[in-house]
1. Taking amide hydrogens as modeled 1.01 Å from N in the peptide plane, which residues meet the under 5 Å criterion relative to Val8, leaving out close sequence neighbours?
2. Report the Stokes-Einstein translational diffusion coefficient (µm² s⁻¹, integer) for region 1-65, Rh taken as the Kirkwood radius over Cα pairs, at 20 °C with viscosity 1.002 mPa s.
3. Per residue of region 74-90, what does 6.51 cos²θ - 1.76 cosθ + 1.60 with θ = phi - 60° give for ³J(HN,Hα)? Whole Hz please, x for Gly and Pro, Karplus curve as stated.
4. Just order 193-199, 58-64 by mean Cβ neighbour count inside 10 Å, highest at the front, would you?
5. Could you derive backbone 3J(HN,Hα) for region 187-192 from the dihedral phi with the Karplus parameters 6.51, -1.76 and 1.60 (θ = phi - 60°), listing whole Hz in sequence and x where the residue is Gly or Pro?
6. Let me know the shape class of region 88-198, please: from the alpha-carbon gyration tensor, a ≥ b ≥ c as square roots of the eigenvalues, rounded when a/c is under 1.5, otherwise prolate if a/b is greater than b/c, or oblate.
7. Counting each pair of different Cα atoms once, what's the Kirkwood radius of region 6-196 in Å, rounded to one decimal?
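Only the coordinates and a few stated rules stand behind these numbers; no lab work does. Keep in mind it's a predicted model, so treat the numbers as computed, not measured. Here the Cβ is made from the backbone with ideal geometry for all residues, glycine too, and neighbour counts use every protein chain on show.
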Amino acid sequence: MPGTGQIVILNGAPRSGKSTLAAAIQEGSSGTWVNLGVDAWMLVTPERLRPGIGLRPGGERPDLEPAVAVLYAGLYESIAAQARLGVNVVVDVGHHEAYSKPLGVLADCASRLRGLEVLWVGVRCPLEVIWQRREAAWDQPFGSADSDLRAAVERWQECVHVHGAYDLEVDTGASGPSECAEMVAARLAQGPGIAFAKLVSRTQS
């Protein structure tokens, strides 16, 4: 579609470095880039529905799940609208399907970006580095975390990357934000991604 913006979706667990990478992509790229994703969407989500699209895996809040599906749909419609206006969009999210019942969120999101140029990027980070970042950001070291929190953090690692192949994967434990942003730019220069579009065909049952 001529004149549309590029979409880069950064998918990874909390504290894996998605937001920092998104900022590096904005800083190091030409053109207009906006950042839409879990942090931005949290600001526009009513507190009673939070954490909204950041709802962690495990089906622990089935009362919020219908709202999560709608919020994801709204987010991706917003992404599509920006891209169709020629704006480039970087999206930091943590997609999983570990709800109390199947919601088909990811397939629905992919269908809303049909026909647009999307690069689907897996943002990986070693678990020990994630715990270091949690301690630095929230004073939440591994040694002081209770068993439920430890299980939740580990569950993210198991659930967030089970969707199949990415167009690109980066390891923020091994490479800094600028280096990862350069990897994204190099992949974009090769042409549109194909991995996200393939998710449309996934069953939603």
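1. Sorted by chain and number, the residues that satisfy this are Val89, Val90, Val91, Leu119.
2. Working: Rh = 14.0 Å.
The diffusion coefficient I find is 154 µm²/s.
3. So the Karplus estimates, Gly and Pro as x, are x, 4, 6, 5, 5, 4, 4, 4, 4, 4, 5, 8, x, 8, 7, 10, 10 Hz.
4. Ranked by mean Cβ neighbours within 10 Å, highest first: 193-199, 58-64.
5. 5, 4, 5, 7, x, x
6. Details: a/c = 2.81, a/b = 1.38, b/c = 2.04.
Oblate.
7. On the way: mean 1/r = 0.0589 Å⁻¹.
For region 6-196, the Kirkwood estimate is 17.0 Å.
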